[in-house]
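Scroll down for the structure; my scribbles are underneath it.
None of the figures in this text is laboratory data; all of them are computed from the coordinates on show. These figures come from a predicted structure and were not determined experimentally. For neighbour counting, all protein chains shown are included, and Cβ atoms are generated from backbone atoms with ideal geometry for every residue, glycine included.
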């Protein structure tokens, strides 16, 4: 066991993957000698060589197109896109080819790969550097969407995704790259990347979150519990597509009160989809309307003004109180 950060957990998972699978190839802008814009691939090119850890031209469409070719020819590409907002030039390859090859060829060809994307706000970056686009990709059939919330899940989920037969978008919450240290096994281990994690079992209230918002939720809970010492259940969604509705609905039926916390804008978002499904399937069990604590329906603002956009401790606590006090 080692106490490491999310950034280290991802690096260790990639190192294990490169050692275990000779067909695994990392590719992306500046991932080699520089180790990536966040240094997630630091040291890997020096250890495995330029043909396994490939510095690409500055072309997201080219990166994703190369990944398609590598994948259908038996390799396991792990492309990195430097920032979430830079993914859109590669969207054509993702939606028209990566997600459709199995259906298009009636299963003759598949495109397993893990697309790594630094994701979300919280680092006071410039435009196109703080996007929350998970709902867009979760809407597309044919690709899984996974997001860790701490170092342990970052390593275990990535190692599971590296053995998936399906293409995966692995969203890495950049706000918590270096914010959390946690004991993580040094050896290879996997966490089921298609199943939600119940971080705490309880009977009074279901709290659902993921990624960096799980970090913020955990920070808000002690203050809330001082006033409301309830028995809450905390669920880390993990898989945004497919969603583990068995875990979600079972918890909602048990507690009758649900709060969903994420940073994306709410219109047609993951929180809205979860809320609709819980309301449809659990209407007889609910003691309060499902509450969403999210960003707003605007483009995420620049620099420090994003602090007013992202779910704050105050807004999280207010949402929890609203659901608990509902009569």
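Most exposed first by the Cβ proxy, i.e. fewest other Cβ within 10 Å, how do 263, 3, 29 rank? The partial results should precede the final answer.
Working: 263 29, 3 10, 29 21.
Sorted ascending by nearby Cβ count, the order is 3, 29, 263.
Using Cα centres only, tell me the gap between segment 74-138 and segment 178-198 in whole Å.
Distance between centres, Cα-based: 22 Å.
Report for segment 2-184 the percent antiparallel among DSSP-assigned beta bridges with both residues inside it, nearest 5. Write out the running numbers ahead of the final one.
On the way: 4 of 22 bridges.
Antiparallel: roughly 20 percent of the beta bridges in segment 2-184.
To the nearest 10 degrees, how steeply does helix 245-255 sit against the main Cα axis of the chain, on a 0 to 90 scale?
It works out to around 20 degrees.
Nearest 5 is fine: what % of DSSP beta bridges in the chain come out antiparallel, could you say? Walk me through the numbers before you get to the answer.
Working: 9 of 39 bridges.
Percentage antiparallel, nearest 5: 25.
Roughly how tilted is helix 6-20, in degrees to the nearest 10 and between 0 and 90, from the longest Cα axis of the chain?
Around 40 degrees separate the two axes.
Work out how much length residue 139 to residue 253 would gain on full extension: take 0.36 nm times their residue separation and subtract the Cα-Cα distance, in nm to one decimal.
38.5 nm
So the label point goes 7 Å from the Cα of residue 163 along Cα→C-beta, right? Which residues of segment 1-20 then have their backbone N under 15 Å from it?
The answer is 13-14, 16-20, whose backbone nitrogens lie closer than 15 Å to the label point.
Work out how much length residue 203 to residue 188 would gain on full extension: take 0.36 nm times their residue separation and subtract the Cα-Cα distance, in nm to one decimal. Display every interim value, and only then the final one.
Values: separation 15, 0.36 × 15 = 5.40 nm, distance 3.41 nm.
Stretched fully, the residue 203-residue 188 segment lengthens by 2.0 nm.
Gain in length, residue 226 to residue 15, computed as 0.36 nm per residue apart minus the alpha-carbon separation, to one decimal in nm? Can you show the working numbers first?
Numbers: separation 211, 0.36 × 211 = 75.96 nm, distance 4.29 nm.
In short, 71.7 nm is gained.
Suppose we keep just the DSSP beta bridges with both residues in segment 197-324; what percent of those would be antiparallel, to 5? Let's see the in-between values first.
Values: 3 of 15 bridges.
Percent antiparallel among DSSP bridges in segment 197-324 is about 20.
Which of 123, 207, 136 ends up with the largest GNM mean-square fluctuation for the chain, with Cα atoms connected below 10 Å?
136
Quick check: the distance between the Cα centres of segment 1-66 and segment 243-315, to the nearest angstrom?
Between the Cα centres of segment 1-66 and segment 243-315 lies a distance of 33 Å.
Sorted by packing (mean other beta-carbon atoms within 10 Å per residue), highest first, where do 49-58, 18-27, 229-238 land? Walk me through the intermediate numbers first.
On the way: 49-58: 14.6, 18-27: 17.2, 229-238: 19.4.
Packing proxy ranking, top to bottom: 229-238, 18-27, 49-58.
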